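> Attaching a single structure in structure tokens format; questions to follow.
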Amino acid sequence: MPVRLSPSRFAHDRSGNNEPMAGTHPNGNDGEAKIQGVEIEVNSTIGAHWFLDASYGYTDFQYVRVPTLADCLAKGFPQSSCTGLIVLDSNPGRTPENKASVNAGYMTNLSNGSEITIRYGISYQDDIFFGANDDPLLLGPAYSLHNARITWVSPDQSWEASFFGTNITDERAIQNKLNFLTLFGTVQTTYVRPEEWALTVKKRF
């Protein structure tokens, strides 16, 4: 059972971040952060027919400097606009702490020489803020997405047919959020696509 393991670690400092100084409006390049984490990928074949791919990513994001009230006022914004400032313990926008995926498959040849491959995959993402100031209206809960596919390939590989489903558990996961509450009185939410099934046929010439 051959296994390929690919671990990696990253760490860097980021300065001049364009962070929101006050809610969703005034921004300034006054933020600094330390970012470190690990990424691991595993690929394996099990016997003559089974295969497995998996990945995991962890990101530790920590602000070391954030825009202050003085920074906001120095940019020319009125004090009434300098509210909702992010703090050192604020969560980073659009950066989940944990992400993972697992994909398993089975491949076999039929008696006529054609090939069948069955795949099933699960991807996971931690909860995430779609803004940098821990606005609860911009929180996206953690979610998992499940996908499945079965593919047939003709003996001469000139024909290929796939029947597949995406988000087959019909998870109502949030893909993006925008807070327009102070402007239009609404919070805009975009969801991932719902459960979908499809059949594709390819002909190679």
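The values are calculated or read from the model by the stated rules, or taken from the named source; none is laboratory data. Since the model is a prediction, treat every value here as computed from it, not as a measurement. Cβ sites come from the backbone with ideal geometry, for glycine too, and all protein chains shown count toward neighbours.
> Mind checking which residues of the range 69-89 are within 32 Å of the chain's Cα centre (by Cα) and either in a loop (DSSP other than H, G, I, E, B) or touching a residue at least 60 places away in the same chain (Cβ under 8 Å) (or both)?
82, 83, 84, 85, 86, 87, 88, 89
> Would you say residue 86 is more than 27 Å from residue 159 (Cα to Cα) and modelled with pLDDT of 95 or more? Reasoning before the result, please.
On the way: more than 27 Å from residue 159 (Cα to Cα): yes; modelled with pLDDT of 95 or more: no.
Spelling it out, it is not the case that residue 86 is more than 27 Å from residue 159 (Cα to Cα) and modelled with pLDDT of 95 or more.
> Tell me yes or no: at least one residue of the range 192-201 is free of Cβ contacts under 8 Å to residues at least 60 places away in the same chain, surrounded by fewer than 15 Cβ atoms within 10 Å (Cβ to Cβ), part of a strand (DSSP E or B) and of a type in the set (D, E, K, R). Working first, answer last.
Applying the first criterion (free of Cβ contacts under 8 Å to residues at least 60 places away in the same chain) to the range 192-201 yields 192-201.
Retained after the next criterion (residues that are surrounded by fewer than 15 Cβ atoms within 10 Å (Cβ to Cβ)): 192-201.
From the residues that got through so far, the ones that are part of a strand (DSSP E or B) too are 196-201.
Still in the list and also of a type in the set (D, E, K, R): 196.
Yes, there is a match, as at least one residue in the range 192-201 is free of Cβ contacts under 8 Å to residues at least 60 places away in the same chain, surrounded by fewer than 15 Cβ atoms within 10 Å (Cβ to Cβ), part of a strand (DSSP E or B) and of a type in the set (D, E, K, R).
To keep it simple, each residue is scored yes or no on (1) closer than 30 Å to residue 184 by Cα; (2) over 22 Å from the mean Cα position of the chain (by Cα); (3) at pLDDT below 95; (4) in a strand (DSSP E or B).
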residue: 1; (1), (2), (3), (4): no, yes, yes, no
residue: 5; (1), (2), (3), (4): no, no, no, yes
residue: 9; (1), (2), (3), (4): no, no, no, yes
residue: 14; (1), (2), (3), (4): no, no, yes, yes
residue: 18; (1), (2), (3), (4): yes, no, yes, yes
residue: 32; (1), (2), (3), (4): no, yes, yes, yes
residue: 41; (1), (2), (3), (4): no, no, no, yes
residue: 44; (1), (2), (3), (4): no, yes, no, yes
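> For the condition of a type in the set (A, V, I, L, M) and in contact with a Lys or Arg (Cβ under 8 Å, 6 or more places away or on another chain), what is the one hit in 173, 161, 132? Please lay out each step first, then the result.
Values: 173 fails: in contact with a Lys or Arg (Cβ under 8 Å, 6 or more places away or on another chain); 132 fails: in contact with a Lys or Arg (Cβ under 8 Å, 6 or more places away or on another chain).
That would be 161, the only listed residue that is of a type in the set (A, V, I, L, M) and in contact with a Lys or Arg (Cβ under 8 Å, 6 or more places away or on another chain).
> What's the total number of residues in the range 154-188 that are assigned to a strand (DSSP E or B), out of contact with any helix residue (DSSP H, G or I) (no Cβ under 7 Å at 6 or more places or on another chain) and more than 30 Å from residue 115 (Cα to Cα)?
We begin by selecting, within the range 154-188, every residue assigned to a strand (DSSP E or B); these are 159-166, 174-180, 186-188.
From what's left, out of contact with any helix residue (DSSP H, G or I) (no Cβ under 7 Å at 6 or more places or on another chain): 159-166, 174-176, 178, 180, 186, 188.
Next, only the ones that are more than 30 Å from residue 115 (Cα to Cα) stay: 174-176, 178, 180, 186, 188.
Residues meeting the conditions: 7.
> Search the range 39-57 for residues that are closer than 14 Å to residue 4 by Cβ and surrounded by 15 or more Cβ atoms within 10 Å (Cβ to Cβ) and pair each with any residue that is modelled with pLDDT under 95 and not aliphatic (A, V, I, L, M) when their beta-carbon atoms are under 6 Å apart and the residues are at least 6 apart or on different chains.
Within 6 Å, the pairs are 45/2.
> Let me ask something else about it. Considering each of 111, 123, 101 in turn, give the residue that is free of Cβ contacts under 8 Å to residues at least 12 places away in the same chain and either surrounded by 14 or more Cβ atoms within 10 Å (Cβ to Cβ) or assigned to a loop (DSSP other than H, G, I, E, B) (or both). Full working, then the answer.
Details: 123 fails: free of Cβ contacts under 8 Å to residues at least 12 places away in the same chain; 101 fails: free of Cβ contacts under 8 Å to residues at least 12 places away in the same chain.
Within the list 111, 123, 101, the selection yields 111.
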